[in-house]
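Asks: I am attaching a structure below and will ask some questions about it afterwards.
The values are calculated or read from the model by the stated rules, or taken from the named source; none is laboratory data. From a predicted model like this one, the values you see are computed outputs, not experimental measurements. When we count neighbours, we look across all protein chains shown, and the Cβ atoms used for this are built from the backbone with ideal geometry, even at glycine.
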Amino acid sequence: MSRPYAKLPGWVDYGLIPIINLLVAFVFAGLVVLLVGESPLHAAAVLVEGAFGNGQNIAYTLFYATNFIFTGLAVAVAFHCSLFNIGGEGQAYIGGLGVAIVCLAFDRILPWWLIFPLAILGSAAVGALWALIPAYLQAKRGSHIVITTIMFNFIAASVMVYLLVDVLKPAGSMAPQTRDFLPNAQLPKMGWMLEAFGLSVRSAPLNISFLLALVVAFLIWVLIWRTKLGYEIRTMGFSPKAARYAGISETRIIIITMMISGALAGMMALNPIMGDQHRVQLDFVTGAGFVGIAVALMGRSHPAGIVPAAILFGMLYQGGAELAFEMPAISRDMIVIIQGLVILFAGALENMFRPTIQTIFASLSPRSVGLAAAKGEGA
Amino acid sequence: MAEAAIELVGINKSFGAVWANRDINLQIAPGTIHGIIGENGAGKSTLMSILYGFYQADSGEIRVGGKPISIKAPNDAIAVGIGMVHQHFMLVENFTVLENVILGAEGEALLKNSIAKARSELQRLEKEYGLEVDPDAIVEELPVGLQQRVEILKALYRGAEILILDEPTGVLTPAEADHLFRILQQLREQGKTIVLITHKLREIMAITDTVSVMRQGTMVATRETAKTTVEELAELMVGRRVLLRVEKGAAKPERAKLSVKDLTVRDSRGVTMVDGVSFDVRAGEIVGIAGVAGNGQSELIEAICGVRCAVSGSVVLDGEPIDVTGIADPGELRDRGLAHVPEDRHHVGLVLAFEENENAILGYHDKGEYLKGPFLDIDAIRDDARTMIERYDIRPGDCRLKTANFSGGNQQKIILAREMEQDPGVLIVGQPTRGVDVGAIEFIHKRLIAMRDQGKAVLLISVELDEIRALSDRILVMFAGRIVGERGPDATEGELGLLMAGIEHREAAE
């Protein structure tokens with residue numbers, strides 16, 4: 001007899017377990033803070049204040065969250081096909097090239113609302129093409145996607161350094177970056193949204209790519225759960241044998257899925273480049289591609305989970321920066337440790353407390369675990 | 001009656017809301033073979049797992065030789081002389097027999113002494129019970145029947161007085177099963193107590209002294225085998241009268257719908273699994289392929305259905321060839337009216353993590369009726385799923401439920417419903433009732449006969465000889481990748497069993 005299939009109610013699965021994981025992460029982070037001789041409670045207050053305390057802080061938090069929504073979705077789409085795309089970092093970085101080409105070519109002649117869709121296409125296309133190579137190698141040659149995508153991160157970084165230093169840099173400039181985009185290639189800020197609530201955002205870079213991220217999150221939900229392609233991706237992800245049986249081409253699905261994933265990662269470049277710096281600089285991705293892995297794990301590869309998870313990590317980025325500023329004993333590196341703990345407990349150890357919680361629920365209220373009550377009955 | 005070898009008193013075990021075992025009382029007399037029979041999910045395996053220490057009972061008592069004991073882990077069970085032979089062998093395949101036998105009972109850091117001890121002990125066991133097996137053979141090179149013998153030796157080596165066998169004949173040929181039964185009888189004569197778990201009524205009648213029937217987690221009856229009948233036991237198992245053999249009229253075969261010619265298939269290691277097989281399946285007949293698992297049947301149907309590439313040969317469907325040596329697309333074959341119920345429903349036929357309705361379209365998901373442009377037409381899919389649930393009596397009748405939550409029989413019905421509702425011209429069915437309970441078997445068999453009577457060509461592959469004989473209009477026997485004989489539906493079990501074991505084939509070759 002097979003082991004019974006225990007299932008937790010949705011609010012436990014998607015609410016309680018992530019919260020428990022987070023609390024444990026914060027308890028350990030608190031211990032780290034204690035070790036350097038600061039009050040964990042005070043640090044927590046500073047962190048939350050720094051992330052949500054005023055309009056500007058909220059705007060920064062959402063700005064960072066925008067990056068993580070894109071990269072989180074990129075990882076999640078690949079997860080649905082059982083592919084582990086850790087090349088988000090490189091795909092986003094190289095996606096910046098697509099943005100740069102569009103902006104540098106058109107910022108003198110087109111208005112922003114024409115440049116924006118072109119830049120979306122540009123970043124997505126370049127990101128997708130960058131993911132296509134590892135995808136092809138996986139589908140046709142069996143080269144493991146984890147290895148190839150991580151190597152392509154390094155290649156992307158080197159290519160971008162070369163381009164920024166030797167090709168895209170304006171003549172005479174000392175900095176390895178493109179020229180500044182003209183206002184036509186700068187995205188409108190979204191300060192008005194928070195200002196409507198009476199908050200002041202001042203110079204925070206929150207821009208309309210946040211809205212784009214939310215729209216894309218919804219489109220990805222439609223893609224995965226409401227289209228034929230999404231059905232084929234999920235079938236392949238759960239069972240390649242069943243996919244073969246159903247006449248779904250493994251090669252085709254792997255390549256398409258990875259290209260969608262790469263396109264999503266590439267679109268992340270829009271936010272910092274067109275929305276904030278208005279030029280392409282070295283290392284503008286700053287690890288967002290890797291944070292996307294944690295975001296996807298924590299959001300359980302579902303857009304409705306990825307958006308809040310991305311905001312949480314946005315909070316850690318923004319609040320962490322404030323914390324390092326306010327409490328000098330807590331250095332920038334300590335913030336990275338705290339972020340690492342959250343990734344560890346919420347992402348990597350996501351299933352650590354699940355068996356215990358399942359047992360508790362099964363003993364508390366057998367009905368709530370939603371077992372197939374008719375098992376063994378009838379047929 | 002002597003003191004019971006094992007006595008279970010008021011055993012309860014629930015998994016969440018499901019009672020796997022409810023108030024079980026059972027006495028097993030020493031020196032007997034005691035059968036426990038029941039449908040899948042009736043709780044037999046759970047009960048034995050409690051006895052062997054894999055699970056803990058929620059309440060109740062286990063007594064061995066009259067003394068209440070607590071069994072918290074398999075080691076406790078071994079300590080009181082209980083041994084278990086699992087349905088899926090727990091052997092290290094690249095170890096020798098001897099190494100497997102001492103596994104977990106190695107004794108000291110150096111193996112020399114324990115190996116010498118095990119060798120002499122094995123020789124003794126061999127003599128006493130007729131359990132011959134070469135102690136230095138590598139396990140993976142042994143046939144399945146001998147591997148099972150190693151499992152029995154393992155248990156005896158650990159001093160088992162009570163031996164539990166969980167579905168031991170599932171992987172054996174009829175001849176191997178007979179040999180196993182002779183060994184069990186010998187063990188009984190030496191005073192060992194044997195508990196035999198099975199869902200095959202025939203085995204119970206053949207070998208047990210006493211039989212207990214389980215249904216839905218409860219023990220519904222215990223009978224002396226000599227004083228009961230197959231019909232009574234089947235009724236006790238299912239809770240209603242069942243037809244053990246479906247009624248069917250004579251076949252009215254017409255022209256050939258599916259022609260296989262000189263088909264040769266190799267597996268991924270390059271071993272030839274199907275070796276120049278040719279046959280026809282005509283409209284309006286069921287052709288059964290009998291054979292012990294692993295003789296090429298799986299590869300044969302996979303090649304026909306486009307899931308696996310053949311090396312050479314041809315297959316013609318409705319007069320049009322299928323590109324079996326190239327890239328035959330299973331989706332395209334479906335469009336041409338070839339439906340396929342795969343042998344492995346958990347990994348191939350279904351995606352267990354999907355909702356039921358999502359599985360109801362697997363393979364047919366690109367048909368226009370389920371799509372609106374690139375989007376899935378969720379309403380149409382669910383409507384169709386509900387229709388199938390109703391027509392095939394799939395329970396529980398919720399098309400949004402995860403497929404993993406359905407019982408084996410209902411999962412099989414989901415696949416059958418999907419493949420049959422598309423009204424295919426040719427239906428290829430692999431192991432339609434493996435792990436399916438008696439009630440559902442009856443239903444599935446009736447449906448297959450109905451397909452035949454509608455003029456469909458049905459190709460049936462099954463390791464259950466009873467099933468092949470009950471359904472087939474012609475029986476082909478497969479051995480070592482070849483078809484070694486064709487018989488009518490009235491062929492005897494002995495005759496087919498010999499063919500399945502390759503006896504006649506070997507003689508003919510010599």
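Asks: Of all residues being over 18 Å from the mean Cα position of the chain (by Cα) and in a helix (DSSP H, G or I) in the range B:420-442, which is farthest from B:H347 (Cα to Cα)? Just the residue, please.
Replies: Among those residues, the one meeting the criterion is B:E421.
Asks: Taking the range B:7-27 on its own, how many of its residues are surrounded by fewer than 22 Cβ atoms within 10 Å (Cβ to Cβ), away from every other protein chain (no Cβ under 14 Å) and either in contact with a Lys or Arg (Cβ under 8 Å, 6 or more places away or on another chain) or within 25 Å of B:E161 (Cβ to Cβ) (or both)?
Replies: Residues that pass the stated criteria total 7.
Asks: Taking the stated definitions as given, is B:R282 basic (K, R) and modelled with pLDDT of 95 or more?
Replies: When the stated conditions are applied, B:R282 passes them.
Asks: Consider B:S259 carefully, then state whether it is in contact with a strand residue (DSSP E or B) (Cβ under 8 Å, 6 or more places away or on another chain), at pLDDT 85 or above, more than 14 Å from every other protein chain (Cβ to nearest Cβ) and loosely packed, with under 14 Cβ neighbours inside 10 Å.
Replies: no
Asks: Is it true that some residue in the range A:200-212 is of a type outside the set (A, V, I, L, M, F, W, C), part of a loop (DSSP other than H, G, I, E, B) and either crowded, with 24+ Cβ neighbours inside 10 Å or under 22 Å from the mean Cα position of the chain (by Cα) (or both)?
Replies: yes
Asks: Out of all the residues in the range B:371-392, which are surrounded by fewer than 20 Cβ atoms within 10 Å (Cβ to Cβ) and touching a Phe, Trp or Tyr at 6+ places or on another chain (Cβ under 7 Å)?
Replies: Listed by number, the residues that qualify are B:D377, B:A380.
Asks: Search the range B:213-238 for residues that are away from chain A (no Cβ under 14 Å) and more than 14 Å from B:G43 (Cα to Cα) and pair each with any residue that is modelled with pLDDT under 85 and not in a loop (DSSP other than H, G, I, E, B) when their beta-carbon atoms are under 7 Å apart and the residues are at least 6 apart or on different chains.
Replies: Pairs found: B:V230/B:L201; B:L233/B:L201; B:A234/B:L201; B:A234/B:V438.
Asks: Scan the range B:428-437 and tell me whether some residue there is among the hydroxyl-bearing types (S, T, Y) and modelled with pLDDT of 90 or more.
Replies: The answer is no; no qualifying residue exists.
Asks: Please work out which residue is nearest to the chain's Cα centre (by Cα), limiting yourself to the range B:398-419 and to residues that are assigned to a helix (DSSP H, G or I) and of a type in the set (D, E, K, R).
Replies: Here the residue is B:K413.
Asks: Sticking with this one: Suppose we keep only residues that are part of a helix (DSSP H, G or I) and more than 10 Å from every other protein chain (Cβ to nearest Cβ) within the range B:341-358. Which one would you say is surrounded by the most Cβ atoms within 10 Å (Cβ to Cβ)?
Replies: Residue satisfying both the conditions and the ranking: B:E356.
Asks: Looking at A:L297, A:L229, which is the one that is more than 28 Å from A:V102 (Cα to Cα), part of a helix (DSSP H, G or I) and more than 14 Å from chain B (Cβ to nearest Cβ)?
Replies: Just one listed residue meets the conditions, A:L297.
Asks: Still on this structure: Just one of (1) outside any helix (DSSP H, G or I); (2) within 21 Å of A:A92 (Cβ to Cβ) trips up A:G247, so point out which.
Replies: Condition not satisfied by A:G247: (2).
Asks: Where residues in the range B:310-330 are surrounded by fewer than 18 Cβ atoms within 10 Å (Cβ to Cβ) and within 13 Å of chain A (Cβ to nearest Cβ), which of them is modelled with the highest pLDDT?
Replies: This residue is B:D329.
Asks: Just checking: which of the strands (runs of 3 or more DSSP E) contained wholly in the range B:1-106 hold 2 or more residues that are touching a residue at least 12 places away in the same chain (Cβ under 8 Å)?
Replies: Counting at least 2 such residues, we get B:6-15, B:18-28, B:33-38, B:59-64, B:82-85.
Asks: Scan the range A:126-136 and give yes if some residue there is more than 23 Å from A:A213 (Cα to Cα) and crowded, with 19+ Cβ neighbours inside 10 Å, otherwise no.
Replies: Yes, the range A:126-136 contains at least one residue that is more than 23 Å from A:A213 (Cα to Cα) and crowded, with 19+ Cβ neighbours inside 10 Å.
Asks: Applying the selection to the range A:100-116, what residues are touching a residue at least 12 places away in the same chain (Cβ under 8 Å) and assigned to a helix (DSSP H, G or I)?
Replies: A:A100, A:I101, A:V102, A:C103, A:L104, A:F106, A:W112, A:I115, A:F116
Asks: Okay, next question. Mind listing whichever residues of the range B:261-287 are among the β-branched types (V, I, T), farther than 23 Å from B:E467 by Cα and in contact with a helix residue (DSSP H, G or I) (Cβ under 7 Å, 6 or more places away or on another chain)?
Replies: B:V265
Asks: Follow-up question, since we're still on this one. Residues of the range A:36-58 being under 23 Å from A:A310 (Cα atoms), buried (at least 19 other Cβ atoms within 10 Å of the Cβ) and more than 24 Å from the chain's Cα centre (by Cα), which ones?
Replies: Across the range A:36-58, the qualifying residues are A:A43, A:V46.
Residue-wise test of (1) away from chain A (no Cβ under 11 Å); (2) more than 23 Å from A:E250 (Cα to Cα).
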site: B:A339; (1), (2): yes, no
site: B:A360; (1), (2): yes, no
site: B:Y364; (1), (2): no, no
site: B:K372; (1), (2): no, yes
site: B:I381; (1), (2): no, yes
site: B:A385; (1), (2): yes, yes
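Asks: Just wondering, is there one or more residues in the range B:168-182 that are farther than 30 Å from B:A290 by Cα and either under 29 Å from the mean Cα position of the chain (by Cα) or not assigned by TED's automatic domain parsing to the domain that holds B:G35 (or both)?
Replies: no
Asks: Name the residue, out of A:G314, A:G320, A:G305, that is in a helix (DSSP H, G or I), under 12 Å from the mean Cα position of the chain (by Cα) and under 21 Å from A:A44 (Cα atoms).
Replies: A:G314
Asks: If you go through the range B:416-441 one residue at a time, how many are surrounded by 18 or more Cβ atoms within 10 Å (Cβ to Cβ) and under 16 Å from B:I286 (Cβ atoms)?
Replies: Residues flagged as surrounded by 18 or more Cβ atoms within 10 Å (Cβ to Cβ) and under 16 Å from B:I286 (Cβ atoms) within the range B:416-441 amount to 13.
Asks: Follow-up question, since we're still on this one. Go through the range B:188-210 and count every residue that is crowded, with 21+ Cβ neighbours inside 10 Å, more than 16 Å from the chain's Cα centre (by Cα) and modelled with pLDDT under 90.
Replies: Number of matching residues: 1.
Asks: Going by the conditions given, is B:R391 in contact with a helix residue (DSSP H, G or I) (Cβ under 8 Å, 6 or more places away or on another chain), among the basic types (K, R) and more than 10 Å from every other protein chain (Cβ to nearest Cβ)?
Replies: Yes.
Asks: Which of the residues that make up the range A:160-198 are small (G, A, S) and within 27 Å of the chain's Cα centre (by Cα)?
Replies: A:A185, A:G191
Asks: Check A:G320 against each of (1) under 24 Å from A:F218 (Cβ atoms); (2) in contact (Cβ under 8 Å) with a residue 40 or more places away in the chain and name the one condition it does not meet.
Replies: Failing condition for A:G320: (1).
Asks: Residue check: is A:A321 at pLDDT 85 or above, touching a helix residue (DSSP H, G or I) at 6+ places or on another chain (Cβ under 8 Å) and either more than 14 Å from chain B (Cβ to nearest Cβ) or within 30 Å of B:Q216 (Cα to Cα) (or both)?
Replies: yes
Asks: Residue under question is B:L362, and the condition is that it be surrounded by 17 or more Cβ atoms within 10 Å (Cβ to Cβ) and in contact with a Lys or Arg (Cβ under 8 Å, 6 or more places away or on another chain); does it hold?
Replies: So B:L362 passes the test.
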